[in-house]
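For reference, the structure discussed in these notes is given below.
The values are calculated or read from the model by the stated rules, or taken from the named source; none is laboratory data. Owing to the predicted nature of the structure, the values given are computational and were not obtained by experimental measurement. As a convention, Cβ positions derive from the backbone with ideal geometry for all residues, glycine included, and neighbour counts pool all protein chains shown. All accessible areas refer to the heavy atoms of the entire protein, side chains included, with ligands and DNA or RNA removed. Shrake-Rupley method; radii C 1.70, N 1.55, O 1.52, S 1.80 Å.
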Amino acid sequence: MRFTVLTLFPGQITDFLKKSITGNAMQKGIISVEAKDIRENALNDYGKVDDTLYGGGTGMLMQCDPVYDTWKSVCDKDSKPYTVYVSPKGHVLNQKKVIELSKKEHLCIVCGHYEGIDSRVIDEICDEEISIGDYVLTGGELAACVIIDSVSRMLEGVLPNEEAYSNESHMGGTLEAPQYTKPEDWHDIHVPAVLLSGDLKKIEEHNRIMSYIETMNKRPDMFERLEITEEDWQKILALKKTLCYSS
Ligand code: ADE
């Protein structure tokens, strides 16, 4: 999958993504990431890309032409990339959207800085606007990295096997069950015995019910949206009773 990021700070994108799993995915040729410097299409020799706001207001706004010309330079002759503007005004990213984006061939992410970008060019080139949460960042670069990271790990060959992500938090509307590694006892806290039993069916069932309990405890808003059968309710209540956690 091809990612292109339009940004005033290309180094922020490449420095982050060249490491770890996204870096390996690039080396394997599963993804390519190109960070295009919007300033290369500046309006003068001093690198001007922004100006004051019409109607007043503090700060500077990125102008249409440098963004548009940079976007045009990454469009193929007869196809344009699916283009996303990252901003706190967008729909908040979730796993469903991540999976949807992972089906695109070429994803272009437009990053604003300062007060943002002139709305006219956003309307002209962007298919949608995405936020990574209800808070304001100094620029869109972190959001672009979050999108590329979360989308990349959905692509075949990036993670060791499908199981690596299919049980994970948010994949089925629930959070993943708590996980443990050696030692079996730590600070007098024991790993649940069933996980040491070697009985794969029992372990899977334990984790399935624990993932409901984890969701109930940590994300009641997600838990409310689940449809739980009477049988599972009984299992949840029974398992909850056996837990030594105080919550
Ligand atoms: N740019 C600034 N804040 C942002 C946010 N919350 N999400 C995406 N892009 C942003």
All positions within the range 24-46 that are surrounded by fewer than 14 Cβ atoms within 10 Å (Cβ to Cβ) and either of a type in the set (Asp, Glu) or part of a loop (DSSP other than H, G, I, E, B) (or both): Lys28, Gly29, Glu40, Asn44, Asp45, Tyr46
Residue check for Ser119: buried (at least 23 other Cβ atoms within 10 Å of the Cβ) and either more than 9 Å from the ligand (Cβ to nearest atom) or hydroxyl-bearing (Ser, Thr, Tyr) (or both): no
Unique match (being away from the ligand (no atom under 16 Å from the Cβ), modelled with pLDDT of 95 or more and open to solvent by 70 Å² or more (accessible area, probe 1.4 Å)) among Lys89, Lys80, Lys104: Lys80
Residue tally, condition closer than 18 Å to Phe3 by Cα and open to solvent by less than 40 Å² (accessible area, probe 1.4 Å), over the range 54-77: 5
Set Glu168, Glu162, Glu184, Glu124: member being more than 16 Å from the ligand (Cβ to nearest atom), open to solvent by 70 Å² or more (accessible area, probe 1.4 Å) and at pLDDT below 95: Glu162
Qualifying residues in the range 146-157 (those that are within 8 Å of the chain's Cα centre (by Cα) and open to solvent by less than 40 Å² (accessible area, probe 1.4 Å)) - the one nearest to the ligand (Cβ to nearest atom): Ile147
Condition check for Pro220: out of contact with any Leu (no Cβ under 6 Å at 6 or more places or on another chain), open to solvent by 60 Å² or more (accessible area, probe 1.4 Å) and of a type outside the set (Gly, Ala, Ser): yes
